[in-house]
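Visitor: Can you read through this structure? Questions will come right after.
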Amino acid sequence: MAVIVQKYGGTSVGDAERIRAVARRVAVTRLAGHEVVVIVSAMGHTTDHFLDLSRQVSPNDHPREMDMLLTAGERISMALLAMAIRDLGVEAVSLTGSQAGILTNTVHGRAEIEEVRAFRVKEHLDRGDVVIVAGFQGVSAVNKEITTLGRGGSDATAVAMASYLGADACEVYTDVDGVFTADPRLVPEARKLDEVSYDEMAEMAGAGAAVLMSRSVELGRRWGVPLHVRSSFHHGEGTWVRPATAGPPRLIGIAHDPDQALVGLAAEEDAAVVAEALLAAAIPADTVGVGRDGAGAAVPRDQAAAAVAALAARPGSGEVVLNEGVGKVSLVGAGVADRPDTVARAGEVLDAAGIPVLLTAATPLRLSSLVPAESLDEAVRVLHGVFFAPGPGGAR
Ligand code: ADP
Ligand code: ASP
Ligand code: MG
């Protein structure tokens, strides 16, 4: 009898009918003789709604109370799903992240899972119950406070649970058929990938492909848990995320991130100066280079003010530049930056489309360009059209 871990995202449990559909799928898996643990996200846009509500109530930061608020979203869906499964004659019980033994550090809003002590999950499985676990949340082992894992964090809960229970894989059910060569909502002709490596997926996710939380991919790699990203609407195979198989280097896809800001130093010609200042302030910046307005970096938009302060505090730094109206488009694939023809072609394609490139940076697996926010979608489409066109001359 195998342990099956299934995670259902927000759209998949978005309303009563969808919750009943998930319940049927879970019940069928249980009745086939498997032990089943289900991780759920908050329904639909609940988390965004709570964030919005909190801003209406208070303009200030309340990290602890914010986590108390946001964790309520997953609590709603876990209870409703347990009810729907029980109505099908299958025993089911819901547990919060804390009850399920997801132990984290103390960092509210983006806690790291440090340990899983899912004794209660095991007890219920031994009794034959389906166990529903609220995703995205845990409890600090040090101070017993409730924490959240960051946006998309239910994916991390699911991988942690799959690892703890020794499941063969972690099934991630979502509202698209798998991982595509670009966001299929933006690029309808994007192709589904049958298999990607942890490295490739981590790079796509880190560059903005929200279909998986990038941290969950890193946990999958660390703990050796393959992920199967698939549709909650049908039974077709999705995309497997697992160790790399031998083969020639290949381009994987185009990822985009609209929530970026460009910060920089106008007179600076050394990108390392910007990188060091941001690193010292613990601001994530994985796209640093010299662009049209001096040395600069892409940072998450909600950290733009902190990044500006970090650069301004540097002794002798000249004019600090901030542009919050940017987006990041990334061509992901092994060795992209080592292929001068690819780098040149990407620049030409954007230029030909009249899209100004404000900054370009490369890593071994990624070539990223910052473009004006209003041109981001178009940049994704034109790059995808050139690098992933169907037939010969397409994805290589
Ligand atoms: P869930 O609520 O199931 O976790 P998310 O919204 O977090 O769903 O992730 C699924 C979404 O990710 C899709 O609806 C799609 O728009 C987006 N997405 C972005 N990039 C990709 C990609 N390369 N492949 C598939 N989906 C992607
Ligand atoms: N509900 C959380 C979010 O919207 C966690 C998740 O969906 O995985 O980010
Ligand atoms: Mg998600």
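Visitor: Considering only DSSP beta bridges with both partners in the chain, what is the antiparallel share in %, to the nearest 5? Could the numbers behind the result be given before it?
Guide: Working: 44 of 72 bridges.
Roughly 60 percent of the DSSP beta bridges within the chain come out antiparallel.
Visitor: Please compute the modelled spin-label separation between residue 363 and residue 79, points set 7 Å along Cα→Cβ, answer in nm with one decimal.
Guide: Taking the simple label geometry, residue 79 and residue 363 are separated by 4.0 nm.
Visitor: With a ≥ b ≥ c the root eigenvalues of the C-alpha gyration tensor of the range 105-188, is it rounded (a/c under 1.5), prolate (a/b larger than b/c) or oblate? It would help to have the intermediate numbers written out before the result.
Guide: On the way: a/c = 2.73, a/b = 1.35, b/c = 2.02.
Here the range 105-188 falls in the oblate category.
Visitor: Using only the Cα atoms of the range 252-396, what are the Rg and Dmax in Å?
Guide: Cα only, the range 252-396: 15.3, 54 Å (Rg, Dmax).
Visitor: Can you tally the net charge around residue 198? Count Lys and Arg as +1, Asp and Glu as -1, for every other residue whose Cβ sits under 10 Å from the Cβ of residue 198. Don't skip to the answer; put the middle values down first.
Guide: Working: positive: 221, 222, 242; negative: 199, 200, 203, 218.
Combined, the nearby Lys, Arg, Asp and Glu give -1.
Visitor: Do the sum for the chain: with -39,500 (n - 2.57) for every DSSP H run of n ≥ 4, divided by all residues, what is the mean residue ellipticity at 222 nm, to the nearest 500 deg cm²/dmol? Intermediate results must be reported in sequence, preceding the final value.
Guide: On the way: 11 runs with 136 residues, N = 396.
Value at 222 nm, helices only, nearest 500: -10500 deg cm²/dmol.
Visitor: Follow-up question, since we're still on this one. Rank the residues 199, 87, 257 as a footprinting-exposure proxy: fewest other Cβ atoms within 10 Å of their Cβ go first. Show your work: numbers first, answer last.
Guide: Details: 199 18, 87 12, 257 22.
Ordered by Cβ neighbours within 10 Å, fewest first: 87, 199, 257.
Visitor: Under a Cβ-Cβ cut-off of 12 Å, what is the net charge of the residues other than residue 173 that fall near it, where Lys and Arg count +1 and Asp and Glu count -1?
Guide: On the way: positive: 7, 18, 25, 230; negative: 155, 171, 175, 177.
That works out to 0.
Visitor: With +1 on each Lys and Arg Cβ and -1 on each Asp and Glu Cβ, how big is the dipole of the range 189-295 about its Cα centre, in debye rounded to the nearest 20?
Guide: Working: 9 positive and 16 negative charges, 125 e Å.
For this selection, approximately 600 debye.
Visitor: What do you get when you divide the Cα radius of gyration of the chain by 2.2 N^0.38 Å, with N the number of residues? Please report the intermediate quantities before stating the final value.
Guide: Working: Rg = 21.9 Å, N = 396, 2.2 N^0.38 = 21.4 Å.
Cα Rg divided by the expected 2.2 N^0.38 Å: 1.03.
Visitor: Among 19, 102, 76, what is the fewest-to-most ranking by other Cβ atoms within 10 Å?
Guide: On the way: 19 20, 102 31, 76 15.
Least to most surrounded, the residues fall as 76, 19, 102.
Visitor: Among 124, 228, rank each residue by its count of other Cβ atoms within 10 Å, from fewest to most, as a rough exposure measure. The partial results should precede the final answer.
Guide: Working: 124 21, 228 18.
Ascending number of Cβ neighbours within 10 Å: 228, 124.
Visitor: Give me the lysines in straight-line cross-link reach of residue 7: C-alpha distance below 25 Å, same-chain residues under 8 apart excluded.
Guide: Of all the lysines, those that pass the test against residue 7 - Cα under 25 Å, at least 8 places apart if same chain - are 122, 192.
Visitor: What's the percent breakdown of Cα-Cα distances in the range 185-323 across 5 Å bins, shortest bin first?
Guide: 2, 9, 17, 16, 14, 12, 11, 10, 6, 3, 1, 0, 0
Visitor: Then there is this: From the convex hull of the Cα coordinates of the range 59-209, what is the mean projected area in square nanometres? Don't skip to the answer; put the middle values down first.
Guide: Working: hull surface 45.1 nm².
Averaged projected area of the range 59-209's Cα convex hull equals 11.3 nm².
Visitor: Starting from the coordinates of the alpha-carbon atoms of the range 169-250, obtain the Kirkwood hydrodynamic radius over all distinct pairs and give the value in Å to one decimal. Provide the component values of the computation, followed by the final result.
Guide: Working: mean 1/r = 0.0785 Å⁻¹.
Final number for the Kirkwood radius of the range 169-250 is 12.7 Å.
Computed from the coordinates by the stated procedures, all read-outs in this text should not be read as laboratory data. Keep in mind the model is a prediction, meaning the values are calculated, not measured. As a convention, Cβ positions derive from the backbone with ideal geometry for all residues, glycine included, and neighbour counts pool all protein chains shown.
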